[in-house]
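Below: the structure, in structure tokens.
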Amino acid sequence: MASPFSTNMRFKFSVLAISLQVLIIILFGIFVRYDTHHDNGHKNETEQDNQFIDLYPLFQDVHVMIFVGFGFLMTFLKRYGFSSVGLNMLIAAFGLQWGTLMQGLWHLHDGKIEIDIFKMINADFSTATVLISFGAVLGKTSPVQMLIMAIIEITVFACNEHLVAFLGATDVGASMIIHAFGAYFGLAASRVLYRPALKNGHENEGSVYHSDLFAMIGTLFLWMFWPSFNSAIADPGVYQQRAIVNTYFSLAACVLTAYAFSSLVEHKGKLDMVHIQNATLAGGVAVGTCADMDINPFGAMIIGFIAGIISTIGFKFLTPILASRLKIQDTCGVHNLHGLPGILGGLAGIIAAAIGGKENVSASMQSAALAASIGVAVLGGLITGFILKLPFWGQPPDQNCYDDSIYWEVPVEDEQGNHYGEGHNIIKTEA
Amino acid sequence: MASPFSTNMRFKFSVLAISLQVLIIILFGIFVRYDTHHDNGHKNETEQDNQFIDLYPLFQDVHVMIFVGFGFLMTFLKRYGFSSVGLNMLIAAFGLQWGTLMQGLWHLHDGKIEIDIFKMINADFSTATVLISFGAVLGKTSPVQMLIMAIIEITVFACNEHLVAFLGATDVGASMIIHAFGAYFGLAASRVLYRPALKNGHENEGSVYHSDLFAMIGTLFLWMFWPSFNSAIADPGVYQQRAIVNTYFSLAACVLTAYAFSSLVEHKGKLDMVHIQNATLAGGVAVGTCADMDINPFGAMIIGFIAGIISTIGFKFLTPILASRLKIQDTCGVHNLHGLPGILGGLAGIIAAAIGGKENVSASMQSAALAASIGVAVLGGLITGFILKLPFWGQPPDQNCYDDSIYWEVPVEDEQGNHYGEGHNIIKTEA
Amino acid sequence: MASPFSTNMRFKFSVLAISLQVLIIILFGIFVRYDTHHDNGHKNETEQDNQFIDLYPLFQDVHVMIFVGFGFLMTFLKRYGFSSVGLNMLIAAFGLQWGTLMQGLWHLHDGKIEIDIFKMINADFSTATVLISFGAVLGKTSPVQMLIMAIIEITVFACNEHLVAFLGATDVGASMIIHAFGAYFGLAASRVLYRPALKNGHENEGSVYHSDLFAMIGTLFLWMFWPSFNSAIADPGVYQQRAIVNTYFSLAACVLTAYAFSSLVEHKGKLDMVHIQNATLAGGVAVGTCADMDINPFGAMIIGFIAGIISTIGFKFLTPILASRLKIQDTCGVHNLHGLPGILGGLAGIIAAAIGGKENVSASMQSAALAASIGVAVLGGLITGFILKLPFWGQPPDQNCYDDSIYWEVPVEDEQGNHYGEGHNIIKTEA
């Protein structure tokens, strides 16, 4: 058997995963049942049925964002595609179950969590926080570590989400409670897990031509379905429609500034795939908090316009500084895609609340929600970082970072880095 | 002109395809018309219109599973991507037309097949059987053979489906009538088409790094939209919602066990892309029959939990035995993704029926349906195999198996297997 | 600073993009607001809300076609994937904003453009014209040129669309006003931009194995969601359902003939990825105009049958002639996918109108609409071509055509064309 400090995951990973799944099944047996359509005072059974099937397409859009969007967005690294898309799937599949429990415990009916379409959408949402944090530590953690992060982060997320609701703040598209939260949680953890040996980069920490194209699959599905993300749990009717319209136009404006600044900051005027893959999405993040408010389409565009700029600038100038000065190695640049735009979204929500963008929403409570989300995230991320730093979770040594082959069977490559040899073969003659 | 035994498909394929399409157009002219909204006793016209547009997103999810899901799942082979995704498209496009006719003939209104959203969903479903069987013979058959298989298999499928309905059995997510049926049909055909020369494998029968990433596109779209597959034809309201919820949680649980066992069965504890691409989906197959039954979310999770295990174990230990002992070469391992989990689904349905999971469903009729589906499939597959073995369908010689270049124009490669030369060029200077 | 004739886009591109976005925000501030649900005489507020959420999934399907479908379809070129999918995104994100304005100005309410789901669908539609034209000039234009083309083409498109509506013609799936229009606009522009040095081809003007697979992602999403494209703005109920059903079957029939003729025209009977990626879609284009008419499913199939044939034949025989005789270099063969099938669609609409396929539709007005669309497109494309030919838009020199590296940071390659070196690296140690 492998040493406890080995990166061989054979027993530590499989035992953890199976134990978690057994635990979840037991908890589901105790706490979770179907929605029984009890009269909630203003809807009848048919209306509830209609709502389920009406929102199901939006749920599926969010589902695609979680599994294909986040998964493929991170495949840009040349040798880390299996982990990116594969561990993304693992984290999300575990996280949606754990999230159902952690969020549901705050909203019990007769001691039970009743599954309806909102519970499913929110379960998917809760996984997004971990997937954002995963981007900050991508390539430097083991599957075991990521499961542990998912357990802690989703638990903390559900508490913070409840706190924000308790404050009376609104965050329909979750700029604060998912994007800023996930980013600063991950960055705090990444700070604790700082690897000095990687401060001058790593030979695997780059893309190849086709890995950048795979990443664009992720970018586009995130970009297209973001209106669904920001509107899925909005109040039906005018609020939901506003959330769709605002997100649609914010994202479109964001693309223009992301492209413009990508070209502007490079002395030869060339576009950089990093910016195109990421900064084009910042408009979706930043319009989240006030997506369902009466900010007008041009207001949404202004938010997207700014988001595209700060995100691109962040990638170009801030990420290297974070790495060199603050010792925060942010593999995917989640600070630029989720952190800064998340804060921008929180600020936009404060301003929109101040000018009466939505009834019964106060600027001060929005401010408290933003501060709480970042504060809780940083604290939670730091604690998680220290837990993950314990030496027996199978984390990769520095030289094996950003490399699938430490945790995956990978097709043989030649010395030039070209993959061509025998890959997986289902009908193996020897088992 | 090519010899009748040549793999040159120029005339045999094009004449077959055009003839089939002409035949189908004639049959559609005689039998098929739009749904005329005749009063069916309990719905008015508006309700029927609403149903069409309400179910259309679920239809589209199934459509994506058929064309992108199945298509890309099979692109894992390093030199067989064009055939995988291309022949998948051909089979499905033909099959949905043929399936409309074969299924519709059992449900005529005034001698006509009236197209509504259910007919379209079922037409897509009928193609799934052939696409599953295609996985068993992938790389070893010609396009002509696959069209012939589609004609026979969809015809037999429609009969078996009718038989199962006649028995009063239920199979809303089609564990038995599509998954087990398609798998055992394909395996039986593969047995007849056994190629001794391939018993020690083939140099093309493996993946490369990026082909495994392409396959994950297929995996993820199948995984995400499986709740739609299992619920699309369920009764509206509580049954349909249950089917969605059960499938969602079964799949999530399945991911955890598939990952855990993938690591567990490999002595270095590494994850194997074969398992991740396939066994993560077994939970969707296995929960199919009882998806709309009152099995509770934790019941669905138990099914998914078991499915992930047996599927991974099947890939690791059973597929090599099938190949060496039973002479069944199962290229994609459909036995592990569709066969075993399909049987598990049938068994789960029997148990759920026995404990009263759905009114008016009997365990004995469920058992009969499972037995019938497998029996009919094996018989149909054997007969199809013998027909396909006739020497003039352009099947590839052993050395050209798993190789696109026998049926496709393929960009030039160098001797190392790297593709880089001239590929397709639309504006050719010489025609 | 770069010379005005340089391909360095640093200032000319970024200033143009930012200026356009600022202009659009100002115009949106003046003209655009949310839909205020004013009573339009036959619908109440709830019905309007239901319509938004009912059509939202169809909007999203169209959205996927625009961003993933068109984007990835054009990634077939071996070194032009970043530009294909990236500039596609840029054009579409700009175009949907510009299209909202240009189309909306023809339909003001109290001097305002009110955004509802139809406005969003039509905004996406308007971008399709430019994306089609982009296919004709792919690899030979700069991002600056493409933004200019988008400005002009969408403006002209909106006028022609209004003209066609004024004529009382119908074109629900836009065979004439989008597909034929976009194709002939682009071909006319391409004629003016003719590059004699490329008449014998270019070393980059070909595919590699995996670029052809990326392109299939585009093909399949276009193919699957085409029924949504052709039905999204149809009248609800029977017309919309017909549009879905007709497109579904037209596309299926088209696949069979595209495959058959692909094999037939190649002397070894092999399939050609060019035909599979493109001609399989011609059935969606060609059934567009009469998609919501009472042409019967078999009528739709006949249209698809013919479309698959003429598109494949066009790729094989017509495109080389266009290039050599008419000096029209059509990189993606849009003439075969959108031009010829668009005309076929217009003709089918004329015939269907003549035989009474839809009330109040006249064959002569349909004919006028087809002629107008092509005439306006050719004229607009020629003028646009001359504007784009001005020497200061940063167009690539002949030897850098079809090459991302002129406008993009691209991972290093070796002399064999294999990409393997350092690609993008987010945490750069030097900014």
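The values are calculated or read from the model by the stated rules, or taken from the named source; none is laboratory data. From a predicted model like this one, the values you see are computed outputs, not experimental measurements. Virtual Cβ from ideal backbone geometry, glycine too; neighbours counted across all protein chains shown. We work out accessible area using only protein heavy atoms, side chains counted, and drop any ligands, DNA or RNA first. Shrake-Rupley method; radii C 1.70, N 1.55, O 1.52, S 1.80 Å.
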Given the conditions (1) over 18 Å from C:Asp171 (Cβ atoms); (2) open to solvent by 10 Å² or more (accessible area, probe 1.4 Å); (3) touching a residue at least 24 places away in the same chain (Cβ under 8 Å), every one holds for C:Asp235 apart from (1)
Taking only the stretch B:250-267 into account, find how many residues are open to solvent by less than 10 Å² (accessible area, probe 1.4 Å) and more than 7 Å from chain A (Cβ to nearest Cβ). 5
What are the residues in the stretch B:355-392 that are modelled with pLDDT under 95 and open to solvent by 40 Å² or more (accessible area, probe 1.4 Å), if any? B:Ile355, B:Gly356, B:Glu359, B:Asn360, B:Ser362, B:Pro391, B:Phe392
Looking at the stretch B:105-163 only, could you name the residues that are open to solvent by 10 Å² or more (accessible area, probe 1.4 Å) and among the acidic types (Asp, Glu)? B:Asp110, B:Asp116, B:Glu161
Give the number of residues within the stretch B:189-199 that are more than 14 Å from chain A (Cβ to nearest Cβ) and open to solvent by less than 10 Å² (accessible area, probe 1.4 Å). 1
From the options A:Ser190, A:Ser207, residue that is in contact (Cβ under 8 Å) with a residue 12 or more places away in the chain and in contact with a Leu (Cβ under 7 Å, 6 or more places away or on another chain): A:Ser207
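Within the stretch B:296-332, work out how many residues are in contact with a Lys or Arg (Cβ under 8 Å, 6 or more places away or on another chain) and either among the hydrophobic types (A, V, I, L, M, F, W, C) or free of Cβ contacts under 8 Å to residues at least 12 places away in the same chain (or both).
Qualifying residue count, the stretch B:296-332: 5.
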Looking only at the stretch B:137-161, how many residues end up being away from chain C (no Cβ under 12 Å) and within 16 Å of B:Leu87 (Cβ to Cβ)? 11
Find the residue count for the stretch A:9-35, including only residues that are of a type in the set (S, T, N, Q) and open to solvent by 40 Å² or more (accessible area, probe 1.4 Å). 1
Of the criteria (1) within 13 Å of chain C (Cβ to nearest Cβ); (2) aliphatic (A, V, I, L, M); (3) without any contact (Cβ under 8 Å) to a residue 60 or more places away in the chain, which one A:Ala354 fails: (1)
Checked the stretch B:47-84 for anything open to solvent by less than 10 Å² (accessible area, probe 1.4 Å) and touching a Phe, Trp or Tyr at 6+ places or on another chain (Cβ under 6 Å); matches are B:Val62, B:Val64, B:Met65, B:Val68, B:Gly69, B:Phe72, B:Thr75, B:Leu77, B:Tyr80, B:Phe82
Any hit, the stretch A:365-372, residues being within 18 Å of the chain's Cα centre (by Cα) and either of a type outside the set (Val, Ile, Thr) or assigned to a helix (DSSP H, G or I) (or both): yes
When the stretch A:289-333 is checked residue by residue, the ones that are open to solvent by 30 Å² or more (accessible area, probe 1.4 Å), facing chain C (nearest Cβ under 9 Å), of a type in the set (Val, Ile, Thr) and farther than 27 Å from C:Leu101 by Cα are A:Ile321
Restricting attention to helices (runs of 4 or more DSSP H) lying wholly within the stretch B:250-350, give those where 2 or more residues are more than 22 Å from B:Ala128 (Cβ to Cβ). B:296-313, B:319-324
Scan of the stretch C:142-181 for residues that are assigned to a helix (DSSP H, G or I), within 23 Å of C:Gln395 (Cα to Cα) and among the small types (Gly, Ala, Ser), ordered by number: C:Ala150
Yes/no for C:Asn230 being within 27 Å of B:Pro396 (Cβ to Cβ) and part of a helix (DSSP H, G or I): no
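Go through the stretch B:199-222 and report how many residues are touching a Lys or Arg at 6+ places or on another chain (Cβ under 7 Å) and not in a helix (DSSP H, G or I).
4
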Among (1) aliphatic (A, V, I, L, M); (2) under 21 Å from the mean Cα position of the chain (by Cα); (3) at the interface with another protein chain (Cβ under 8 Å from one of its Cβ atoms); (4) surrounded by fewer than 24 Cβ atoms within 10 Å (Cβ to Cβ), where does C:Ile343 come up short? (3)
Would a scan of the stretch B:270-279 turn up a residue that is of a type in the set (Lys, Arg), in contact with a strand residue (DSSP E or B) (Cβ under 8 Å, 6 or more places away or on another chain) and free of Cβ contacts under 8 Å to residues at least 24 places away in the same chain? yes
Restricting the first residue to the stretch B:163-175 and requiring it to be in contact (Cβ under 8 Å) with a residue 40 or more places away in the chain, which pairs with a second residue that is acidic (Asp, Glu) and surrounded by 24 or more Cβ atoms within 10 Å (Cβ to Cβ) meet a Cβ separation below 6 Å and a spacing of at least six or different chains? B:Val172/B:Asp292
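Of the residues that sit in the stretch C:268-279 and are facing chain B (nearest Cβ under 7 Å) and not basic (Lys, Arg), which one is surrounded by the fewest Cβ atoms within 10 Å (Cβ to Cβ)?
C:Asp272
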Which condition from (1) more than 24 Å from C:Phe28 (Cα to Cα); (2) at the interface with another protein chain (Cβ under 9 Å from one of its Cβ atoms); (3) out of contact with any Phe, Trp or Tyr (no Cβ under 6 Å at 6 or more places or on another chain) is the one that C:Phe134 breaks? (2)
I need a count of the residues in the stretch C:200-230 that are open to solvent by 20 Å² or more (accessible area, probe 1.4 Å), within 7 Å of another protein chain (Cβ to nearest Cβ) and at pLDDT below 95. 2
Just checking, how many residues over the stretch C:81-105 are farther than 12 Å from A:Leu256 by Cα, more than 9 Å from chain A (Cβ to nearest Cβ) and aliphatic (A, V, I, L, M)? 3
Any hit, the stretch C:183-198, residues being closer than 25 Å to C:Ala323 by Cβ, part of a helix (DSSP H, G or I) and basic (Lys, Arg): yes
Residues (over 23 Å from A:Leu271 (Cβ atoms) and of a type in the set (A, V, I, L, M, F, W, C)) located in the stretch A:219-258: A:Phe225, A:Phe229, A:Ala232, A:Ile233, A:Ala234, A:Val238, A:Ala243, A:Ile244, A:Val245
